[in-house]
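Step one of this worksheet: look at the structure below.
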Amino acid sequence: MPVLHTPALTSGRRPLTALLTAALLLGAAVGAGSTTAATAATGTGTGTAAATATANATAAHADEPGWTAEPAAGGAGPARPYFYLSGPAGTVLEDRLALTNSSDRERTVTLRGADAYNTADGALAVRPAEPPAAEGRSGTARGAGSWISFGTATTVKIPPRTRAVVPFTVTVPPASPPGDHPAAVIAAEDGREAGVRVHLRVAGPTLAALTVEDVCVRGKGARAVVAYTLVNRGNVALVPELALRAEGLFGEVPGRTARALPVELLPGQRVSLTEPWPGAPVLDDVDLTLTVTAPGAAPATAGASAWFVPWGVAARTGAGLLGLGAVALAALLLVRKRRARGGGPAHEEPVPAGKRAPEHELTGASR
């Protein structure tokens with residue numbers, strides 16, 4: 001596929017510095033049910049697999065200012081924030097990547113496709129590049145990133161002050177299951193990478209489903225947090241909302257109203273998150289209920305119980321009671337010791353013999 005070079009239109013533009021991860025979380029709020037072709041997300045970063053969220057980036061930028069990567073504009077329409085491709089299994093989809101060199105030296109950029117996934121804490125990341133000899137032997141199932149091909153244009157030389165438009169294809173295997181297949185286009189030069197998000201949907205039935213698991217409470221007071229795990233059991237990406245309800249021994253305890261989580265949960269992914277709980281009680285036995293919802297998915301709930309005891313106050317109170325008991329025990333032992341030393345009462349006088357009461361002999365005979 002030929003690479004089209006044109007004079008750069010952004011030679012006077014100051015490049016922004018961001019992380020590769022920035023591009024990968026763009027479009028986190030994109031509805032999972034959309035099937036119309038739209039466009040693509042951009043961002044920059046360092047490393048081969050790191051990816052974090054930034055909601056206001058509009059293009060993928062290299063770590064070193066001088067070149068950018070973004071979806072090529074389609075006609076006179078607005079700039080596309082990311083790639084969105086959709087089609088049935090067995091088809092070949094096409095799009096174009098724009099590389100802009102705004103520096104005064106030639107740039108040599110290497111292009112590849114990569115699978116996107118959620119890290120354990122919910123951030124978006126891409127799989128690192130594998131050496132050609134190791135491809136397919138890592139034990140990791142290869143996803144939509146391997147469907148992306150730049151043909152002979154995997155390495156592109158961009159003259160100074162020039163914009164290169166590079167076409168690429170996405171070949172969807174015939175047996176591909178329907179739903180979302182997250183991926184990214186990665187541009188790299190001298191160890192620095194820029195990632196452009198690719199939202200790819202294979203036509204067919206979709207299922208939005210998630211569960212919440214492993215709920216527990218960590219910390220106490222204003223520092224208390226609720227830890228939990230979210231699992232996307234459907235085939236479309238989800239942007240969940242979470243609400244927290246708590247019931248104590250004395251009635252309802254302040255929880256958390258429903259709010260959108262800063263996470264795009266990809267199909268088949270599992271993430272471990274924590275939710276701050278500033279309304280946690282000081283002394284109570286609480287039953288927690290977490291409710292997670294997402295567009296098109298049935299609400300998922302899970303619960304946990306937690307005791308809240310102010311251990312510092314309890315320890316001081318217990319120490320005081322223990323000391324009071326020790327004092328009372330010591331006093332009782334002292335009284336008993338004094339009584340044992342004194343014998344019977346000293347003021348008791350003997351009774352004269354003449355005044356003693358007569359003793360009767362019980363013989364059984366009457367007198």
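Collect the residues in segment 270-301 that are closer than 17 Å to residue 215 by Cβ and hydrophobic (A, V, I, L, M, F, W, C), keeping them in residue-number order.
Passing the criteria: 271, 273, 277, 280, 286, 288, 290, 292, 300.
Checking the conditions here, which among 169, 211, 162 is under 28 Å from residue 92 (Cβ atoms) and open to solvent by 10 Å² or more (accessible area, probe 1.4 Å)?
So the residue among 169, 211, 162 that is under 28 Å from residue 92 (Cβ atoms) and open to solvent by 10 Å² or more (accessible area, probe 1.4 Å) is 169.
List the pairs whose first member sits in segment 200-224 and is within 16 Å of residue 253 (Cα to Cα) and touching a residue at least 40 places away in the same chain (Cβ under 8 Å), whose second member is of a type in the set (Gly, Ala, Ser) and open to solvent by 30 Å² or more (accessible area, probe 1.4 Å), and whose Cβ atoms are under 9 Å apart, counting only residues at least 6 apart or on separate chains?
Short answer, once both residue conditions are applied: 217/305.
Yes/no per residue for (1) over 14 Å from residue 145 (Cα atoms); (2) touching a Leu at 6+ places or on another chain (Cβ under 9 Å); (3) among the charged types (D, E, K, R):
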{"position": "68", "(1), (2), (3)": "yes, yes, no"}
{"position": "71", "(1), (2), (3)": "yes, yes, no"}
{"position": "79", "(1), (2), (3)": "yes, no, no"}
{"position": "85", "(1), (2), (3)": "no, yes, no"}
{"position": "98", "(1), (2), (3)": "yes, no, no"}
{"position": "101", "(1), (2), (3)": "yes, no, no"}
{"position": "112", "(1), (2), (3)": "no, no, yes"}
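Do any residues in segment 285-309 that are over 30 Å from residue 267 (Cβ atoms) and open to solvent by 20 Å² or more (accessible area, probe 1.4 Å) have Cβ atoms under 7 Å from those of residues that are aromatic (Phe, Trp, Tyr) and at pLDDT below 90, where the two are at least six apart or on different chains, and which pairs are they?
What qualifies is 285/307.
Regarding segment 199-212, can at least one residue be identified that is modelled with pLDDT under 95 and not in a strand (DSSP E or B)?
Among the residues of segment 199-212, not one is modelled with pLDDT under 95 and not in a strand (DSSP E or B), which makes the answer no.
Looking only at residues that are assigned to a strand (DSSP E or B) and of a type in the set (A, V, I, L, M, F, W, C) in segment 216-235, which one is surrounded by the fewest Cβ atoms within 10 Å (Cβ to Cβ)?
The qualifying residue surrounded by the fewest Cβ atoms within 10 Å (Cβ to Cβ) is 216.
Counting just the residues of segment 49-90 that are assigned to a loop (DSSP other than H, G, I, E, B) and open to solvent by less than 20 Å² (accessible area, probe 1.4 Å), which one comes out modelled with the lowest pLDDT?
51
Among the residues of segment 236-260, how many are open to solvent by less than 10 Å² (accessible area, probe 1.4 Å), among the hydrophobic types (A, V, I, L, M, F, W, C) and not in a strand (DSSP E or B)?
Counting residues in segment 236-260 that are open to solvent by less than 10 Å² (accessible area, probe 1.4 Å), among the hydrophobic types (A, V, I, L, M, F, W, C) and not in a strand (DSSP E or B) gives 1.
Would you check if residue 194 is open to solvent by 40 Å² or more (accessible area, probe 1.4 Å) and either part of a strand (DSSP E or B) or closer than 19 Å to residue 149 by Cα (or both)?
Judged against the criteria, residue 194 is not a match.
Looking at (1) under 26 Å from residue 237 (Cα atoms); (2) modelled with pLDDT of 95 or more, which is the only condition residue 158 fails?
Tallying (1) under 26 Å from residue 237 (Cα atoms); (2) modelled with pLDDT of 95 or more, residue 158 fails exactly one: (1).
Find all pairs meeting these conditions: Cβ atoms under 6 angstrom apart; at least six residues apart or on different chains; first residue within segment 141-166 and more than 16 Å from residue 4 (Cβ to Cβ); second residue crowded, with 21+ Cβ neighbours inside 10 Å and β-branched (Val, Ile, Thr).
147/170; 148/170
The values are calculated or read from the model by the stated rules, or taken from the named source; none is laboratory data. Predicted model, so just to flag it, every value in this text is computed and none were measured. Cβ coordinates were reconstructed from backbone atoms using ideal geometry, including for glycine residues, and neighbour counts include every protein chain displayed. Ligands, DNA and RNA are stripped out before the accessible areas are found, and what is left, the full protein with its side chains, is counted by its heavy atoms. Shrake-Rupley method; radii C 1.70, N 1.55, O 1.52, S 1.80 Å.
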